[in-house]
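The values are calculated or read from the model by the stated rules, or taken from the named source; none is laboratory data. Quick caveat: nothing in here was measured; it's all calculated off a predicted structure. Here Cβ is always computed from backbone atoms with ideal geometry, including for glycine, and neighbour counts include all displayed protein chains.
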Amino acid sequence: MTRTARIVLLSVAFLLALSPARGQEPVAVQEKVALQQKRTFRFEDAGVRFGNEFSGARLNGCTQVGANAFQLVIRPENTPINNSAWYAFRVTADAPKTITATLTYDGGRHRYKPRVSHNGRDWRSLATDRYIHDRDEQTVTLTLDVDTRPLWVAGRDLIGVAQIESWAGRLARKPFIRQSTIGKSMRGYPIRMMEIGNGKSPNLVFVISRQHPPEVTGTLGLMTFVSKLSADTALSNRFRERFLTLVVPLVNPDGVDAGHWRHNMAGVDLNRDWKDFKQPETRQVRDALLKRAARPETRPFLFLDFHSTRRDVFYTQKDAHPTFPENFTRDWLSALGKRFPDYQIRRTGSHDPTTGTSKGWFYERFKIPSITYEFGDHTDAELIRRITGGSTEEIMKLLLVAADN
Ligand SMILES: [Zn+2]
């Protein structure tokens, strides 16, 4: 039997109860991904248990291969797929002991360096002498000290549906932030939008993130951006007077909850759907943002989409592509370079409306600077806060000047 045949494919067609947007019929979307069986793998003689029964987990199989040695299988939700080989599991033991856990990937290669946590909130990197990446075998063997306390092991800190919801809920208590539900995912999770500003300004900024489930460093960037915008400083206060910023922090809640590598429940990369808009998540985000932009006098200025990839990089238009505000990207990155001379700014400029990315769509639609703001998979959280904090201040300064012109 082939490996693929062993994957149980759940294929359920159902009608989404979308509120039809302007005369459009609700869309039938087929759920077509390999669901993990949520379970605990128990090894009674070793007194060790592995489990995936938590939001964001990805552990498809586990077998014992030695007295204290275990082999884990990690699979993507469907294929073909970008190699974003996310894993997340929990392990406990009846008594303190050291075990090895060998990750094997069925449908991808190792990408994310292991992070560990004893409470699911505070994370640290597993020391480099505690894991061996065998590039020939495409396996990674982790050495883990385990005991009765749960030990979470994941490709990056678990900042998922619950953490983003509670973060946004806390911020929404501020008088200048309003939160609304703009739609729901295939599985029924709310898709939420925050509106930051005094509500009267016609000047708009659009920000989204987490189309791709494992991209936690993108979320850290977005959180810093929002926190800077919400700060009680002269610059932020003035910006909130002049600009309304619309933020959708979690575009793909189903994928994040299910521990997906890349896709939504239909097995589709949402950041390739901003052309056909066949997926409920992208359609609803687009419709909500377009509705806000359709008000009289409205002037869109900027679109940012926070992601993670192998290194820090800004995907932008080229300087030759006209935008309003003019030359924003060039001036912004130049200001960022002056502010952080030790930080290497990488920029890739392009525009191709056929790719179906949010960046391409926003540029086509509004001719505003439309930027995919990428942090490295392993970029340190403190560096993300420092760089995004500074870059957000430079954005506010430049946009305030542009709004006066
Ligand atoms: Zn991404």
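So the values come out like this:
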read-out: Selection from the range 194-225 of residues that are within 15 Å of the chain's Cα centre (by Cα) and under 26 Å from Leu400 (Cβ atoms); value: Val207, Ile208, Ser209, Gly218, Leu220, Gly221, Leu222, Met223, Thr224, Phe225
read-out: Qualifying residue in the range 124-142 (condition: in a loop (DSSP other than H, G, I, E, B) and at pLDDT 95 or above); value: yes
read-out: Only listed residue being over 25 Å from Gly267 (Cβ atoms) and not assigned by TED's automatic domain parsing to the domain that holds Ile371, chosen from Glu137, Glu195; value: Glu137
read-out: Candidate set from the range 19-46 (those that are basic (Lys, Arg) and modelled with pLDDT of 80 or more); member that is farthest from the chain's Cα centre (by Cα); value: Arg42
read-out: Whichever residue in the range 295-314 is charged (D, E, K, R) and crowded, with 19+ Cβ neighbours inside 10 Å and, among such residues, is farthest from the ligand (Cβ to nearest atom); value: Asp312
read-out: Residue within the range 333-346 that is more than 16 Å from the ligand (Cβ to nearest atom) and crowded, with 21+ Cβ neighbours inside 10 Å present; value: no
read-out: Residues (under 23 Å from Pro300 (Cα atoms), of a type outside the set (S, T, N, Q), outside any helix (DSSP H, G or I) and within 16 Å of the ligand (Cβ to nearest atom)) located in the range 196-237; value: Val207, Ile208, Arg210
read-out: Among residues of the range 339-365, those that are touching a strand residue (DSSP E or B) at 6+ places or on another chain (Cβ under 9 Å), among the hydrophobic types (A, V, I, L, M, F, W, C) and part of a loop (DSSP other than H, G, I, E, B), counted; value: 1
read-out: Answer residue from the range 83-113, given it is among the aliphatic types (A, V, I, L, M) and farther than 12 Å from Arg156 by Cα and is surrounded by the fewest Cβ atoms within 10 Å (Cβ to Cβ) among those; value: Ala95
read-out: Qualifying residue in the range 249-262 (condition: within 14 Å of the ligand (Cβ to nearest atom) and assigned to a strand (DSSP E or B)); value: no
read-out: Selection count, the range 276-291, where residues are touching a helix residue (DSSP H, G or I) at 6+ places or on another chain (Cβ under 7 Å) and not in a helix (DSSP H, G or I); value: 2
read-out: Thr79 vs. criteria more than 19 Å from Asp377 (Cα to Cα) and either within 16 Å of the ligand (Cβ to nearest atom) or in a strand (DSSP E or B) (or both); value: no
read-out: Check on Arg111, within 25 Å of Glu382 (Cβ to Cβ), without any contact (Cβ under 8 Å) to a residue 24 or more places away in the chain and part of a loop (DSSP other than H, G, I, E, B); value: no
read-out: Residue within the range 241-251 that is among the basic types (Lys, Arg) and under 23 Å from Thr181 (Cβ atoms) present; value: no
read-out: Boolean, Thr181 is in the same structural domain as Leu72 (by TED's automatic domain parsing) and modelled with pLDDT of 95 or more; value: no
read-out: Candidate set from the range 315-327 (those that are crowded, with 20+ Cβ neighbours inside 10 Å and assigned to a loop (DSSP other than H, G, I, E, B)); member that is nearest to the ligand (Cβ to nearest atom); value: Gln317
read-out: Positions within the range 348-380 being closer than 23 Å to Leu400 by Cβ, more than 16 Å from the ligand (Cβ to nearest atom) and within 22 Å of the chain's Cα centre (by Cα), in sequence order; value: Tyr363, Pro369
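Yes or no, residue by residue, for (1) at pLDDT below 95; (2) within 17 Å of Ser209 (Cβ to Cβ):
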position	(1), (2)
Val285	no, yes
Arg295	yes, no
Asp305	no, yes
Arg330	no, no
Leu333	no, no
Gly337	no, no
Thr357	no, yes
